[in-house]
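Reading through the C-alpha cells given below for one structure.
The values are calculated or read from the model by the stated rules, or taken from the named source; none is laboratory data. Bear in mind the structure is a predicted one, so any value in this text is a computation, not a measurement. Because the Cβ atoms are built from the backbone with ideal geometry, glycine has one as well, and the counts that use them run over all protein chains shown. Calculation scope for accessible area: heavy atoms of the full protein, side chains included, ligands and nucleic acids excluded. Shrake-Rupley method; radii C 1.70, N 1.55, O 1.52, S 1.80 Å.
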Amino acid sequence: MMLPWKQIVLLSITGCLACTEDVIFQGPRWRTEPSDLILPINSPDHQATITCEAEGSPPPQYWSLNGTLIDLGNDYRRHMSGGSLIISNLDKDQDTGVYQCTAFNTWGSILSRRASLQFALDNFKTQTVRSAVNVREGQGVVLLCGPPPHSGLTFAWIFNEYPYFVQQDSRRFISQETGSLYFAKVEPSDVGNYTCVVNNTVTKEKILSSPTPLVLRVMGEYEPKIEVHFPDSVPAAKESVVKLECFALGPVPEISWRRTSGVPFPSKVKTKNSNAILEIPNFQQEDAGTYECMAENRRGKNAARGRISFHKPHWLQTMTDTALSIEESLFWECKANGKPKPSYSWTKNGEQGRVQIENGALSIAALNLSDSGMYQCVAENKHGIIYSSAQLMVLSPPSFSKSPLRALLKARSGSEVTLECKPQASPPAISLWKKGNEILQRTEITLLPNGTLKIANVTKRDAASYTCIAKNQFGTASTTGKLLITDPTRITMRPTNMEIIVGESIVLPCQIACDPALDVSFSWAFNGQLIDFQRDSDHFERVGGSISGDLMIRNIQLNHGGKYVCVIDTDVESLSTSAILVVKPPGPPDKVAVEEITDSTAQLSWTPGRDNGSPITGYIIQARTPFTVGWQAVDTPEVVNGNMLTATVVGLNAWVEYEFRVVARNTVGLGEPSPPSAKTRTEDAPDTAPTDVGGGGGTKSELVITWEPVSEELQNGEGFGYIIAFRPVGTVTWTRAVISTPGVARYVFRNDTIPPFSPFDVKVGAYNNRGEGPFSSIATVYSAEEPSVAPKRVRARSVSAAKIEVIWEALPAIPERVLGYEQVVYWEDDTKPDTVGKVRISGNSTQVNITGLKANTVYYLSVAAFNTAGPGPQSAPINNTTKKPPDRAPLNIQWTMIGSTLTLHWDPVVAMETESKVTGYLVLLKRHRYNDINTILTNKTTAELSLSANDNYLIQIKAVSEGGEGVGSEPIHIHKLMGARGSGSSRLSPLCRSAVLISALLSSVWCL
C-alpha cells in the first residue's frame, strides 16, 4: 500500500510529466581526456602537462596516480591549470605510471580514461662488435640493428659513410618495427659497410651502430621467402592507424595485398615502400578480417596471412542521460565488443553504488533522491579499458525535512550571520527569502548560488523571523527561523600577572557585562589543561555570581606556578583572558665580606635573605676579575648547604683582583644574587715560567733569544720582569741578563767573540717585588750564521738584448748554512754601483737568468750567498754587454702592383753573434702631403698593401728584434696614377707601364 504523501508527490509529478522535457542535464562531461605521454628523461623544460578538460562547472578537481589520490596541496612539483595536471622537475621513479582525472560538480562525478606517462629510452647502445655477413650474389639477406624494444624509435641505415643513406625500393626494405635492413636479392653494388641509425623521436638523439660488412659470393636464384610479415593475430583499436609490414627475400619479388573475403580495399587504404607496408587509417569494424600478403618472382611465390580484429574494447551500445520519478525503476544496458570478451562494471560518482548488475546491465528498483548522480559503465579486457557516462536525475518536489532552519538563532551585534537554505529537491529548487512577510531583494542581502543568505554587520534592526521558500517544477516548500540580535559581551575585570609565596591564598578575577538574553558559562585552564573543580577542590574554587567567574586558589604550592586562562562562552561568542603566576625563589643574601685572603684562597661570610616560604637548600659562590667574562662559579672544598653562612674559596690566581657574590637556591630555583663584595687582590711571587723559549737568526756575532710573555693575571704582583740565562753548550757558567719590562718577548746578546751558528743553552725566568719565580726548561738556540765566503768563478753570457746568464761555483763546506744565492746587477759605470735589481735563488742552484735588461748596455754583476743572518760578502764584479738590434737593413726589395694592391718581397736579415735575433719586420708607409705614418708588423719577408688611386707614397722596411728596431731600408718612392699594373726593384732602373710610374729613390734621405 502506498502512503498518502507518496500518492500526492506521484500525482504532482504525473501531472507535470511534460515538465521533464524541460529538464537540463548539467552533470560533468569530458571535452578532452588525458592521453598517453612519452617524455625524455632530461626534458629541456623539465615539465610535463597531462591534458584534461571537462564541460560543466567546476572543472576537474583532482588526479590519481596508479590508483592513489595525488595530494596537490602538499605536492610542490604538481599543480593543476584549468583541469590539466602540470608536473615540474620530472622524476622518472616518482612520475612514471598510470594517471586518471576526476571531474565533479553538484550533480556528480565521473572518471576519465587512464593515461600512462613513460620516459623515453635513454643512453641505449646497439651491439658494439659486428661480424661480416657473407652472402652469395642473388641471395636475400637480413642485417640486424639490435636496439632494445621501445616505443618512440625510428630507423635508417648508412651505406659506407655519411650522408649516403640506404634508399628503400622493391629490393631493399627497413622495418620500422625491428630496425632490421632486408635485401630481397643482393647485387655486387651492395657490397660495403652498413651502419644502423636509431632515432629517438622523443629525446631527438641518434645512436649509430658499429658497421656491418657485407661480403659477396656467387649463387643461383630461388623462389621468394617472406622474411618480414605481420603476426597471425593483430589487435586494433577503433579509429586507430594500423600498419602491416611484408617483405620477401630472393630475386626481387612483387608484393601485393588482398582480403581473403574478397572484399576490395576502400580508398583510404594506402601502400608504401614498393607495397612493403599496408596502412589502414581510421580503423573501423568493417575493416576487421583476414589480410594476405603475396610475394612473387619468376622462381615462384609465397604468402603470409594474419587477422586484424577489435581486441581492445569499443562501444556497441551506451546509455543516455535519464530523468525518473521517485520509486520508479531504472534499467541501463551498455554493450562493448573486444577480444577476449570485455567484462563490465558500474560506478556512481566514481565509486561503487546501490546498484544491481546482471549480464553487464544496471538496474535500481524504487529510486530515491540519493540515487541521483553521474553513472559510468566500464568495459575492460586485457587490451584496454573504456568508459561511458550518463546522468541520472531523480525528480522530486522540495523538502526541508532533513535541513530545517533553527527555530531561534542568536547573533552578536556587528557579526556576520549565515542562514542556510538546503532543501532536498530534484531538479534543484529556486530559493527566495522573506523577512517577516516581506520578500527580501538581492539589493538588500547577499544570496549565494546555493541559496544561503548572508547578513554582514548585523544590528538590532535585523532581528526578525526569516523564511526560505524553495520551488521547482514539482512543488514548493518553506522553513522559518527567528533571528535574535544581542549586545556584545565585555570583560569588566581581568586577572593580572603576580608573584606569589608558598602558602598564600589569592583570587583571580574574571567578570563580564553581557546581554540578559544570553546563556553564559565560565571555565578555567591551568597550563593548557581544564581545571576539574571537583577533583582539585582542595586548592581551586569558583566564586562569584552568574556574571562572575573568579577563581580562588588556596594554600598555594610550588606546582601552582604557571599560566591561568579564564574562558567565557555564550550563545554567540567565546572570549578569554589570562594571567601568569610566579612562585618566588629565595631573596638575595646580603653583606658579603672577605674575611681573609692568601695567594690562592679566600674566606667569605654573608647574611641570609628571605626564603619566600620555601626553605633555602644551598648557596653558590661566584667571582669576577678583570680577566674573566662576567661572573663565574668558583670552587669550595665542601658543598655549601642552606644552614651555612661562611665558605672558603680555593683555586684562585695570585696577584689578581677579585669580587665575590652569593646566590641562594631552594626547590623553586635560584634566587637573585647578593650585592658584590669589596675588591680584594691576591699576592705572591710568580709561580709560572715563560713558555715557548727559542730564538736564532740575527746578524753576525749575535745571539737572539725569544719567549712567550706571561699574562698579567699570572704575574702575581708589581715590579714584574724577566731573567735571561744562557751559556755555550758544554760549559757550566751561566750568563744572566735582566729585563724589567713585562711586555718584552725578545733579547739580543752581541759579542764579536761569538762564533757563527754556535749552539747555546738558554732558559728564561720571571720575578716581581715578592721574589723570583721558576725558570723555563732549557732550550738550544744557535747564534747568527752569516756566510763568510764569497762565491768564486763567476761568469756571465749575453743571451739576448734583454737577458744575461750568470754562472758560478757553489761554496765549499763552511760552518754556516747556505740557504741560496743573491745576484746583484749594476749599471755600466762601476764607480757608481747603484743597484738596479736583485735576483734571489733558494737552494743549491748555481745559475740564473737576469731578464728585463736594456739592449746594447754594459752591466756589472756580483754574487753573494745568504742564510737566516742575511747575505755574505759579494764576489768581485764582472761585466757583460747585452746584445744590440741588427744594424743591417733588408736588401733586394722587390714589388709587384696590380690595381691598387702593392706586394713587397725582401731578403731576410740574419743577426750576428752580438746582435739579438730578428723576430719580425716593420713596414712604414707615409702618404705625400700627410704627416701620419702607418706601420705594419709582420713575421714574414713579404707584405701586401692597399694604396689609394690618387696619392704618392714613401715606403721603408726595418728588421725588428727583442732589442728594438734595426736600420731602415732605402726609401721607396711610389707614384700611383689611375688603375694599371707594374713591378720593380730597389736595385733596378725605374719601370714605367701605361699611366703608372714606380721608381726607387736611391738617395739615403728618408723624408718621413
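Just a few scattered comments:
- Long-range HN-HN contacts of residue 405 with modeled amide H, under 5 Å: 480
- Cα shape, segment 182-314, gyration tensor, a/c 1.5 rule: oblate
- Counting only protein heavy atoms and using a 1.4 Å probe, the accessible area of residue 99 comes to about 0 Å².
- Inter-part distance where segment 49-104 and segment 473-542 are each reduced to a Cα centre, Å: 47
- At R0 = 45 Å, FRET efficiency that the Cβ-Cβ distance of residue 914 and residue 789 yields, to 0.05: 0.85
- Partners for residue 410 among aspartates and glutamates (Cα-Cα distance below 18 Å; same-chain residues under 8 apart left out): 420, 462, 487, 515, 519, 569, 571, 573
- Fully extended contour minus Cα-Cα distance, from residue 359 to residue 238, at 0.36 nm per residue: 41.2 nm
- Rounded percent of accessible protein surface that carbon and sulfur make up, the chain, 1.4 Å probe: 49
- Residue 395 accessible area, 1.4 Å probe, all protein chains in place, Å² to nearest 10: 0
- Interchain or long-range residues, amide H under 5 Å from residue 139's placed H: 186
- The label point for residue 735 and the one for residue 62, both projected 7 Å from the Cα toward the Cβ, are 9.6 nm apart.
- Efficiency of FRET between residue 480 and residue 672 - r from beta-carbon atoms, R0 60 angstrom, step 0.05: 0.35
- When you count the other C-beta atoms within 10 angstrom of each residue and take the mean per peptide, 616-622, 501-507, 317-323 line up highest first as 616-622, 317-323, 501-507.
- Across segment 915-930, computed HN-Hα scalar couplings (Karplus, 6.51 cos²θ - 1.76 cosθ + 1.60, θ = phi - 60°) run 10, 7, 5, 6, 10, x, 9, 10, 9, 9, 10, 10, 7, 4, 6, 10 Hz from first to last residue, x flagging Gly and Pro.
- Vicinal HN-Hα couplings computed from phi for segment 705-711 (Karplus, 6.51 cos²θ - 1.76 cosθ + 1.60; Hz; Gly/Pro x): 10, 10, 7, 8, x, 7, 5
- Computed over protein heavy atoms with a 1.4 angstrom probe, the accessible surface ordering of 767, 76, 722, largest first, is 76, 767, 722.
- Full-extension gain in nm, residue 210 to residue 975, via 0.36 nm per residue minus C-alpha separation: 268.7 nm
- Debye, to nearest 20: dipole size of the chain, +1 on Lys, Arg Cβ, -1 on Asp, Glu Cβ: 4020
- Our helix-only sum for the chain, with -39,500 (n - 2.57) per DSSP H run of n ≥ 4 divided by its residues, gives a mean residue ellipticity at 222 nm of -500 deg cm²/dmol.
- Amide H to amide H distances under 5 Å link residue 166 with 157, 158, 159, where only residues 5 or more positions off or on other chains count and H is placed in the peptide plane.
- Computing FRET efficiency as 1/(1 + (r/R0)^6) for residue 284 and residue 317, where r is the C-beta to C-beta distance and R0 is 25 Å, gives about 0.90.
- Subset of 206/238; 238/272; 854/958; 206/270; 792/838; 243/382 violating a 24 Å alpha-carbon distance limit: 206/238; 206/270
- Heavy-atom accessible area per residue - the chain, 1.4 Å, Å²: 52
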